[in-house]
Amino acid sequence: MPFLPARRLILAVLASSFALAAPAAATTLQLSDGTLSPQPFQSWVDRAPVPTPAGTVTLAFAGCPGGPAWASGCADKATRTIYLGDGAQDYRGFFHELGHIFDATTLSDDERQSFQSIMRRPGAWVADASSSPPDEWFAEGYSLCARHRRIARTYIAGNYDYAPTPRQHAAVCALIRQSARTSSA
């Protein structure tokens, strides 16, 4: 077969382009005592189908400092620290809080507006959590994208009345991937 070397070259180029397109696990988790890559959380990050924030994120197994009693988890965006109380030490809760770190470190104001447009959620990006502001909706969307590449019908679960349609979910996941590409360019 005279075309065999050319076919191998084409397959090699295609394979390398797919490898480059895969989301990179850019986050290294560290416990507040300095322990690196706590499990199972680091493996969740490493296998996430969404891009994760670049750099180190600190994980503390404690309630939210200064937060309301009902908050089982929170993220300190300035220190890149996630606090997980007993009720948030699961996949959904962890990725919700990591979504807040992704928002703070990666999203631009234009991308926040795009999210609000996709979800038809106007208003101030950050507001009292009891009013279900867009930043909480984004964290819910990030968590859902980390758990489900696709949804078959409107997703009604989670917190903050976040209920995306399959089309909205696909658009939010695409926005997250695009945001990671443009912020690292």
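The values are calculated or read from the model by the stated rules, or taken from the named source; none is laboratory data. Here the structure is a predicted model, which means the values were calculated and not measured. All Cβ positions, even for glycine, are placed from backbone atoms using ideal geometry, and neighbour counts span all protein chains on display.
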message: Just the residues that are of a type in the set (D, E, K, R) and within 15 Å of the chain's Cα centre (by Cα), please, taken from the range 98-118.
response: D103, E111, R112
- request: Name every residue in the range 120-168 that is surrounded by 12 or more Cβ atoms within 10 Å (Cβ to Cβ), of a type in the set (D, E, K, R) and not in a loop (DSSP other than H, G, I, E, B), in order of residue number.
  value: D135, E136, E140, R147
- line: In the range 38-75, anything part of a loop (DSSP other than H, G, I, E, B) and either of a type in the set (V, I, T) or under 14 Å from the mean Cα position of the chain (by Cα) (or both) is listed as A48, P49, V50, P51, T52, P53, A54
query: S32 versus (1) more than 26 Å from V126 (Cα to Cα); (2) modelled with pLDDT of 95 or more: which is the lone unmet condition?
result: (2)
query: Taking I10 and the conditions (1) more than 20 Å from R80 (Cβ to Cβ); (2) at pLDDT 95 or above, which numbered condition does it fall short on, given that it satisfies the others?
result: (2)
- prompt: Can you name the number of the only condition in (1) polar (S, T, N, Q); (2) assigned to a helix (DSSP H, G or I); (3) surrounded by fewer than 16 Cβ atoms within 10 Å (Cβ to Cβ) that S114 fails?
  reply: (3)
Residue check, T79 within 18 Å of C145 (Cα to Cα) and of a type outside the set (D, E): no
